Protein chains: 2
Amino acid sequence: MTTVLIADDQPLQRFGFRMLLESQDDMTVLDEAANGTEAVRKAAELRPDVVLMDVRMPGLDGIEATRRITASGDRTRVLILTTFDLDEYAYAGLRAGASGFLVKDAQPEDLLSGIRAVAFGDAVVAPALTRRLLDAYVHHLPVGGSASSSMPSPPDPRLAALTDREREILTVIGKGWTNTEIAARLHLAESTVKTHVGRVLAKTGSRDRVQAVICAYETGLVQP
Amino acid sequence: MTTVLIADDQPLQRFGFRMLLESQDDMTVLDEAANGTEAVRKAAELRPDVVLMDVRMPGLDGIEATRRITASGDRTRVLILTTFDLDEYAYAGLRAGASGFLVKDAQPEDLLSGIRAVAFGDAVVAPALTRRLLDAYVHHLPVGGSASSSMPSPPDPRLAALTDREREILTVIGKGWTNTEIAARLHLAESTVKTHVGRVLAKTGSRDRVQAVICAYETGLVQP
DNA sequence: GGGGCCGTGGTACCCGGGTACTACCGTGGC
DNA sequence: GCCACGGTAGTACCCGGGTACCACGGCCCC
């Protein structure tokens, strides 16, 4: 029996998922959550096998909720559902510890089999997302492998979603500049800097600027 | 027949271990202990082959209990179980005379084979901890001897003033841990963490933890 | 015994960082 | 024309980070 927690801010969406899952005799919906905070709390309390996690939710979003759930040490797996197959936050979700991604318009059978696979410990990725996932994986392989060695610095997938400006912001974050310093030296308002920083954190899957700095080093955007 | 004493402050955890061990026909659980004092007393009284020892317990903790048990001269072996893979007490446990340590989220079969190995006189270390253990071991080797060329990074002057504990704190800062996470995973009060962090910042000349992360990368304390 | 150093812990306070939400304006594409 | 997107900017709010203290026990060393 696979136990599931449904986290989605749309009641109708939750209802649909619940109906689908309850129709299966090997699945039980333990509870529902309408935002990330609720999802984290109920996941810790109920220890479901799988959390069906929507990305976009008010308050704590699905990515951060995933990070906290997977960081808790529980066996609970998180299966993220994205609305669009090119969701820029997909990679952030993976880094947050999710066991898979599916798009919301997938076939019901695919969703069900995906939940079973994740509960079993496997990972699932929607076909539309598989390619970029492969790219990310290949990039992290040891260098010796294939013809890709001719590329000096293949763009890290974490940086792929960043705009030029955001990449610039990440660079100076990696230099240790504060928001105030960034604003002054780049002739911007501090509120603008905060907006950029917020987007950089979201797209790179960083919880705060400290993790963004680490990301900057790991991707080679800045170097020791 | 391997006789085991289970020492853990959480009843549910003890129950789980007992169920697992009793399901094996070559193991017997002699008794359980809810704290370190009880563990020492019952170990001396029952002379089990193996004590399954939790690190974190009220009163006398698992490390000190291990020290007393192994110092008693009995042939009882101690197998330490840690919750977090970077538990600093794991090393302390080895120094205290433990025959090994495993992480609590290990596979049941691994735990069983670990107990058998320890009872046989061998030592076991969780794979996730092996690397760190090796690093720690190498780090504590005397400097004078061999191949100094294998040391690519002579100690950076910024790190020279740091105590071992502070260097450890800087390392986990470099991994992006928040003060709260450091406190939880190292079993410290958050105020203590703040004290350490403050001293690290002062000694490394960092304005905030972001610059401390950069310092950690530049000195090679952590690497991309 | 006294005096450091180290690790641990506490309280109180302030500020920067991060989030949620909204808004306006170019530019480029359909 | 309209729309999507990127860059800019603002407000309001909460929380974690950092600081300034102080305190205590264990050590080691003179």
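Once amide H atoms are placed 1.01 Å from N in the peptide plane, what residues at a sequence separation of 5 or more from B:M57, or on another chain, have their amide H within under 5 Å of its amide H?
So B:M57 has HN proximity to B:G62.
So for each of A:199-211, B:195-207 I average, over its residues, the number of other beta carbons within 10 Å; can you give me the resulting order with the highest mean first?
Result, highest mean Cβ count within 10 Å first: A:199-211, B:195-207.
Separation between the A:A184 and A:A44 pseudo-spin-labels, each 7 Å from Cα along Cα→Cβ, expressed in nm?
Between A:A184 and A:A44, the label points sit 3.9 nm apart.
Take every residue in peptide B:207-214, count the Cβ atoms of other chains within 10 Å of its Cβ, and give the average of those counts.
Shielding by partners across B:207-214 averages 6.
Sticking to Cα atoms, compute the Rg of region A:155-218 to one decimal and its Dmax as the biggest Cα-Cα distance, whole number, in Å.
10.6, 30
Any idea what the alpha-carbon Rg over 2.2 N^0.38 Å comes to for region B:183-224?
That ratio works out to 1.23.
What does the charge count near B:T2 come to, summing +1 for each Lys or Arg and -1 for each Asp or Glu among other residues with Cβ under 9 Å from its Cβ?
-1
Let's test this: bin the Cα-Cα distances of region A:12-63 at 5 Å from zero up to the farthest pair and state each bin's percent.
Percent of pairs per bin, in order: 4, 20, 28, 26, 16, 5, 1.
Along the Cα→Cβ direction, 7 angstrom out, place labels at A:D164 and A:F120. What is the inter-label distance in nm?
Each label point is offset 7 Å from its Cα along the Cβ direction, giving 4.8 nm.
Arrange the residues B:L60, A:L21 by how much accessible surface each exposes, largest first, with a 1.4 angstrom probe.
In descending accessible area the options line up as B:L60, A:L21.
The values are calculated or read from the model by the stated rules, or taken from the named source; none is laboratory data. Computed from a predicted model, the values in this text were never measured in an experiment. For neighbour counting, all protein chains shown are included, and Cβ atoms are generated from backbone atoms with ideal geometry for every residue, glycine included. SASA here: full protein model, heavy atoms, side chains in, ligands and nucleic acids out. Shrake-Rupley method; radii C 1.70, N 1.55, O 1.52, S 1.80 Å.
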